[in-house]
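This report concerns only the one structure given below.
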Number of protein chains: 2
Amino acid sequence: MSNYSIDERAQMFRALSNPHRLGLFHRLTTCCAPGTECSTAEASQFCVGELGEGMDIAPSTLSHHLKELHRAGLIEMQRRGKNVVCWVVPDTLNELAVFFTSGFTPE
Amino acid sequence: MSNYSIDERAQMFRALSNPHRLGLFHRLTTCCAPGTECSTAEASQFCVGELGEGMDIAPSTLSHHLKELHRAGLIEMQRRGKNVVCWVVPDTLNELAVFFTSGFTPE
DNA sequence: TCTATAATTCGAAACATGTCGAACTATAGT
DNA sequence: ACTATAGTTCGACATGTTTCGAATTATAGA
């Protein structure tokens, strides 16, 4: 049930250790954009520009942070026309939850 | 249900972003020392020296890492004679799990 | 009180990260 | 082809992090 090594998991936590990156990730794990209705139970998709809105960071910095989240295996990214859309990898989200809930049993 | 700010949570993840620190934390969240029997369902206690065994890091480095885990609110530490014992704060462990499992509902 | 063990603090060196602006690539529309 | 919009890459700089060894503090036992 624990498919990741300590090093891989540390990489995931490293990706979430920056407030800006954690903010971006958090935006992707909530199903609705602020002020809109919740249409599905799945994780939402945002394009890069939308994700950075209200964060007051340069586009280059935003791009860097999303690349880090991607490198850690936390999000996927794909070009769609002029935009690049991002979404969370659900498996990874599960794996992380398991790490904290199943910690009390010996490996 | 979400009692921590983005910044506080980022601090927690930062503390877990180093493989050595994550290893130490993981050792504290498993109930048994390797090769011993599981006596209780609670998180285990280890003294600083035991925690560092087999990790090949200097005592000063070990001390630094545990201080970081403590600063992030992930572990407690208390002197017991010549030793200092460490244990995980259970609430925090829960909080972290919740972050990953309840992400799909709007705040 | 002296010694041994356990752990922390301090300062320094090497390395990693976060941030920006400027220059670049990709796409869509005119 | 030209232009505007969306993102990325690159180089540079400031700031943080990891690690160590040496010096220091705390405690227990002889």
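Some values worked out for this structure:
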| item | result |
| --- | --- |
| Close pairs (8 angstrom Cβ cut-off, 6 or more residues apart or separate chains): assigned to a helix (DSSP H, G or I) in region A:50-79, β-branched (Val, Ile, Thr) and near DNA strand C (Cβ under 10 Å from one of its atoms) anywhere | A:HIS65/A:ILE57 |
| Residue in region A:81-98 that is within 16 Å of DNA strand C (Cβ to nearest atom), at pLDDT 90 or above, loosely packed, with under 12 Cβ neighbours inside 10 Å and over 17 Å from A:THR30 (Cα atoms) present | yes |
| Residue list for region B:9-28, restricted to those being free of Cβ contacts under 8 Å to residues at least 24 places away in the same chain and farther than 21 Å from B:GLY52 by Cβ | B:ALA10, B:PHE13 |
| Residue that is modelled with the lowest pLDDT [pool: residues in region A:17-40 that are part of a loop (DSSP other than H, G, I, E, B) and closer than 14 Å to A:VAL89 by Cα] | A:CYS31 |
| Scan of region B:47-72 for residues that are crowded, with 16+ Cβ neighbours inside 10 Å, more than 9 Å from DNA strand D (Cβ to nearest atom) and within 14 Å of chain A (Cβ to nearest Cβ), ordered by number | B:LEU69, B:ALA72 |
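The values are calculated or read from the model by the stated rules, or taken from the named source; none is laboratory data. Computed from a predicted structure; not experimentally measured. A quick note on method: Cβ atoms are made from the backbone with ideal geometry, for glycine too, and the neighbour counts reach across all protein chains shown.
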